[in-house]
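Notes follow the structure.
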Amino acid sequence: MSQIAFIDLQAQKARLGDKIDAAIQKVLAHGAFIMGPEVRELETKLAEFSGAKHAISCSSGTDALLLPLMARGIGPGDAVFVPSMTFASTAEVVSLLGATPVFCDVFENSFNMDPASLEAAIVAAKDAGLMPKAVIPVDLFGQPADFEALLPIAEQNRLFLLDDAAQGFGGSLHGKKIGTYGNATATSFFPAKPLGCYGDGGAVLTDDDDLADIMRSLRVHGKGTDKYDNVRIGLNARLDTIQAAILIEKLAIFADEIEARNRVAARYNELLKDVADVPIVIEGGISVWAQYTLKVKNRAEVQAGLKSHGVPTAVYYPLPLHRQTAYRACPTAKGGLPISDKLSEIVVSLPMHPYLDEAVQDTIIDALRKTIS
């Protein structure tokens with residue numbers, strides 16, 4: 001049996017035809033490989049798509065998280081609240097700035113930050129002598145965090161809210177697009193993301209004019225009005241023009257791909273709900289389904305069974321951040337993080353992309369049903 005693709009970028013490329021090649025050739029012809037015209041065009045289109053006032057492209061999703069924290073002066077003695085059920089970048093950028101990540105637990109049904117755990121983490125941070133400064137909720141697996149509950153807590157505690165939408169860009173909550181919640185939103189264009197380029201890339205979205213200006217400076221070594229007059233310590237965090245050109249073509253079909261992802265997820269849910277604990281989207285939310293993640297018993301056996309049928313799987317994440325070596329000394333919310341610990345042992349993700357036709361879906365569904373039964 002031929003192996004099923006976990007994420008099928010070749011099917012997407014086939015749909016785009018010669019557009020990607022033509023876009024790359026255009027950049028090769030004009031030669032503006034760094035901060036060329038396609039970068040500015042992409043930023044305009046990203047802002048229009050999300051509804052944000054500013055889009056600042058950058059070299060990776062990690063830099064997209066780092067830039068707004070740098071712009072706000074986050075540093076030693078500051079506490080930044082992050083969920084433990086996420087990729088390392090969410091906490092890594094906090095530690096890189098000398099601040100302290102304080103880990104929060106998540107909801108068992110949505111995998112996203114639990115507001116009650118955030119409140120408990122704020123208490124823990126203060127008890128540890130830290131100054132609460134920012135919170136980074138994550139739109140995990142493609143669906144929006146519970147912003148309606150998180151925003152009042154952030155406002156009450158004067159926390160800078162940075163949405164980690166590396167997996168969630170394109171989603172929405174009650175009709176409001178990801179990219180317009182909180183003070184800033186970071187996203188990633190890593191190839192496996194719902195909107196991905198052919199290398200590393202990222203962007204920050206914000207309505208804050210001053211924050212946007214500082215981040216534009218920071219991504220080019222902290223430059224002022226002249227590139228040899230650096231007014232702050234910055235980064236080399238620019239997006240390559242070729243990647244911007246690729247993303248322009250992919251963004252043109254992104255809305256249609258989001259609809260297709262939701263059709264796949266709905267069909268998975270309908271045909272698997274009687275044998276597995278299927279994912280639930282927050283009320284009023286639209287997910288971009290970066291991953292389709294189930295909760296199962298005997299995960300290793302389920303993965304082995306699916307593999308025998310040619311179905312690939314992945315586990316996001318087998319070890320929550322507060323259990324990882326680099327972060328074990330960081331504070332956690334009072335009461336611990338029992339849901340993150342539990343989920344790390346039972347989650348498993350199935351193939352998910354917009355070009356997963358019903359025949360392949362049926363193969364995956366039949367294989368899972370046979371394996372579980």
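The values are calculated or read from the model by the stated rules, or taken from the named source; none is laboratory data. All of these numbers come straight from a predicted model, not from anything done at the bench. Neighbour counts are summed over all protein chains in view; Cβ atoms, including those assigned to glycine, are modelled from backbone coordinates with ideal geometry.
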Might you let me know whether the stretch 18-31 holds any residue that is closer than 21 Å to F254 by Cα, in contact with a helix residue (DSSP H, G or I) (Cβ under 7 Å, 6 or more places away or on another chain) and among the acidic types (D, E)? no
Only one of G222, G202 is over 30 Å from Q25 (Cβ atoms) and either assigned by TED's automatic domain parsing to the domain that holds F189 or aliphatic (A, V, I, L, M) (or both); which? G222
Failed item, numbered, when L239 is tested on (1) touching a residue at least 60 places away in the same chain (Cβ under 8 Å); (2) closer than 23 Å to R219 by Cβ; (3) out of contact with any Lys or Arg (no Cβ under 9 Å at 6 or more places or on another chain): (3)
Among the residues of the stretch 132-147, are any in the same structural domain as T241 (by TED's automatic domain parsing), more than 24 Å from A47 (Cβ to Cβ) and of a type in the set (D, E)? yes
Members of the stretch 168-196 found to be buried (at least 19 other Cβ atoms within 10 Å of the Cβ) and over 21 Å from E43 (Cβ atoms), listed by number: L173
Taking the stretch 3-19 as the region of interest, how many residues are farther than 19 Å from A290 by Cβ and touching a His at 6+ places or on another chain (Cβ under 8 Å)? 0
Within the stretch 114-153, track down each residue that is surrounded by 22 or more Cβ atoms within 10 Å (Cβ to Cβ) and of a type in the set (D, E). D114, D139
Answer residue from the stretch 352-373, given it is assigned to a loop (DSSP other than H, G, I, E, B) and out of contact with any strand residue (DSSP E or B) (no Cβ under 8 Å at 6 or more places or on another chain) and is modelled with the lowest pLDDT among those: S373
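Do you know which residues across the stretch 11-32 are closer than 30 Å to V360 by Cα and either in contact with an Asp or Glu (Cβ under 9 Å, 6 or more places away or on another chain) or part of a helix (DSSP H, G or I) (or both)?
A11, Q12, K13, A14, R15, L16, K19, I20, D21
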How many residues does the stretch 321-333 hold that are in contact (Cβ under 8 Å) with a residue 60 or more places away in the chain and exposed (fewer than 14 other Cβ atoms within 10 Å of the Cβ)? 1
Please work out if G285 is not hydrophobic (A, V, I, L, M, F, W, C) and not assigned by TED's automatic domain parsing to the domain that holds T185. yes
Regarding the stretch 205-220, can at least one residue be identified that is within 26 Å of S287 (Cα to Cα), in contact (Cβ under 8 Å) with a residue 40 or more places away in the chain and crowded, with 21+ Cβ neighbours inside 10 Å? yes
Hits in the stretch 158-187 - residues which are assigned to a strand (DSSP E or B) and under 13 Å from A145 (Cα atoms): L161, L162, D163, D164, S172, L173, K176, K177, T185
Restricting the stretch 133-148 to residues that are assigned to a strand (DSSP E or B) and in contact with an Asp or Glu (Cβ under 8 Å, 6 or more places away or on another chain), which is nearest to K176 (Cα to Cα)? V138
Check off (1) assigned to a loop (DSSP other than H, G, I, E, B); (2) crowded, with 18+ Cβ neighbours inside 10 Å; (3) under 21 Å from the mean Cα position of the chain (by Cα) for P318 and give me the number that stays unchecked. (2)
Inside the stretch 321-351, the number of residues satisfying the requirement of being hydroxyl-bearing (S, T, Y) and not in a strand (DSSP E or B) is 4
Matching residues, the stretch 32-58, being of a type outside the set (A, V, I, L, M) and out of contact with any helix residue (DSSP H, G or I) (no Cβ under 9 Å at 6 or more places or on another chain): T44, E48, S50, G51
Look at F111 and say whether it is out of contact with any Asp or Glu (no Cβ under 7 Å at 6 or more places or on another chain) and on the phi > 0 side of the Ramachandran plot. yes
In the stretch 9-55, how many residues are within 20 Å of P194 (Cβ to Cβ) and touching a residue at least 60 places away in the same chain (Cβ under 8 Å)? 18
